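S.K.: Dumping the structure here so I can ask a few things about it.
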């Protein structure tokens, strides 16, 4: 029995190691410079979409940054979907010039459902593309101009550069900010350098041409509508570009519990998307579109993380069952934990150094970053056995202006 378990663990570790090696090879071009598209004379018309659920405390600051875009005001319109709101979100949005759509009644909640509803009920004739934001965001003045350059260069889908709005609010918010900076540096940038599409638009701060939707509009079914949409586009043969000069700031969870709830939902959604899209991506890749194979491997990340944790626990169990003393087992666990902590802390420091990011309390965030990452591995283990896709409201309270945020984050 122990021999069978040992060989199973060994085989699993080989598979997980090969997966890790592939991702490391892809990420190795993290220092590459990504050429930006040149300016375009034509100014495409954007529908800027904001989806809000009880966001009266923060949506005004977002709309102020949208109204201050360095882009012709007659070439974009802001649409706010007040989704089952019980506060003054709609009134705040209307007062700042947004076109407000109220969604209530018995419709399903959640951003994916709200997106589907919006495109089913709104006439966007005359618009070229959409840009999507969350109500708690802030947007750099050059965002729309940057996305217009992507469209002019033939990129029908693009993801912007996302960072935290409130990294100094708590160590959790700082660790979450480091994660988004890591995604830009070690996921989006290397793929752009390899000529591969980005594998997730990240839920906010992304753009897509209306032509990619077709006559049926938006349709998503999982808890990660952003990843689902991205993989749909890759499976259709479209390139998802990285617009490094399109910067947006996203509010990060303040508490560890709130962060766990958020990331658990993302992990659940990733497993849903895996079951929905993996086969399609593999078939697309085998038909001559290798970028789809990279996307298929990307979506394996959550189960691979959970399986890694499971294999580690199983290996310890086999050792104890084989006669290894509890003292040696405890020492092994301690050594692994310390080594892992130091490696992840150093990696977090590298991310902030490469992204020229520093804020009051960034050292505290770096000290907590390994715990934040380890907890996600635990969540990935949990979702192998228990998945609850219920969408829950994530309160946002950091009503900061762009003038307050940019100097505080220290990003360049």
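We did not get these values from a lab; they are worked out from the coordinates using the rules stated. None of the values given here were measured: they were computed from a predicted structure. Cβ sites come from the backbone with ideal geometry, for glycine too, and all protein chains shown count toward neighbours.
S.K.: Relative contact order of the range 42-116: what whole-number percent is it, with Cα pairs under 8 angstrom and at least 6 residues apart? Each step should come with its number before you reach the end.
M.R.: On the way: 112 pairs, mean separation 26.2, N = 75.
Relative contact order for the range 42-116 comes out at 35 percent.
S.K.: Among 341, 161, 264, which comes first, then next, by fewest other beta-carbon atoms within 10 Å? Working shown, then result.
M.R.: Values: 341 16, 161 25, 264 21.
Ordered from fewest to most neighbouring Cβ atoms within 10 Å, 341, 161, 264 come out as 341, 264, 161.
S.K.: Right, something else. Using alpha-carbon positions, what is the distance between the centroids of the range 191-225 and the range 155-187, in Å?
M.R.: 18
S.K.: In whole angstrom, note down how far apart the Cα centers of the range 238-314 and the range 1-61 are.
M.R.: So the two Cα centres are separated by 6 Å.
S.K.: Per residue of the chain, what 222 nm ellipticity follows from adding -39500 (n - 2.57) for every DSSP H run with n ≥ 4, rounded to the nearest 500? Kindly include the intermediate steps, with their values, before the conclusion.
M.R.: Values: 14 runs with 212 residues, N = 412.
Calculated at 222 nm, the ellipticity per residue is -17000 deg cm²/dmol.
S.K.: Could you state the angle between the C-alpha long axis of helix 326-354 and the longest principal axis of the C-alpha atoms of the chain, as a value from 0 to 90 degrees rounded to the nearest 10?
M.R.: With rounding to tens, the tilt is 30 degrees.
S.K.: Could you work out the relative contact order of the chain, using alpha carbon pairs under 8 angstrom and six or more residues apart, expressed as a whole percent? Please list the in-between numbers first.
M.R.: On the way: 706 pairs, mean separation 87.7, N = 412.
Contact order relative to length: 21 percent.
S.K.: For a label point 7 angstrom out from the Cα of residue 64 toward its Cβ, which stretches of the range 88-104 have the backbone nitrogen within less than 16 Å?
M.R.: Flagged as within label range: 92-98.
S.K.: Which whole-number percent is the relative contact order of the range 149-270 (Cα, under 8 Å, 6+ apart)?
M.R.: 43
S.K.: OK, next. So how do 347, 46, 229, 79 line up by other beta-carbon neighbours within 10 Å, fewest first? Let's see the in-between values first.
M.R.: Details: 347 16, 46 23, 229 27, 79 19.
Ordered from fewest to most neighbouring Cβ atoms within 10 Å, 347, 46, 229, 79 come out as 347, 79, 46, 229.
S.K.: A further question follows. Rounded, prolate or oblate for the range 112-154? Axes are the square roots of the Cα gyration tensor eigenvalues, ordered a ≥ b ≥ c, and the cut-off for rounded is a/c under 1.5.
M.R.: Verdict is oblate for the range 112-154.
S.K.: For the chain, just say rounded, prolate or oblate: build the C-alpha gyration tensor, square-root its eigenvalues into a ≥ b ≥ c, call rounded for a/c under 1.5, and beyond that prolate if a/b exceeds b/c, oblate if not.
M.R.: prolate
S.K.: Right, here's the next one. Report, for the range 27-296, the % of DSSP beta bridges that are antiparallel, rounded to 5.
M.R.: If we restrict to bridges inside the range 27-296, about 25 percent are antiparallel.
S.K.: In what sequence do 56, 221 fall when counting other Cβ within 10 Å, fewest first? The partial results should precede the final answer.
M.R.: Working: 56 20, 221 13.
Result, fewest neighbours first: 221, 56.
S.K.: Next question, about the same structure. Can you give the angle from 0 to 90° between the axis of helix 143-152 and the longest principal axis of the chain, with both taken from C-alpha atoms, to the nearest 10?
M.R.: Long axis of 143-152 versus the principal axis of the chain: about 90 degrees.
S.K.: For the range 8-93, what class follows from the C-alpha gyration tensor (a ≥ b ≥ c being the square roots of its eigenvalues): rounded when a/c is under 1.5, otherwise prolate if a/b is larger than b/c, else oblate? Each step should come with its number before you reach the end.
M.R.: Numbers: a/c = 4.04, a/b = 1.66, b/c = 2.44.
Cα axes put the range 8-93 in the oblate bin.
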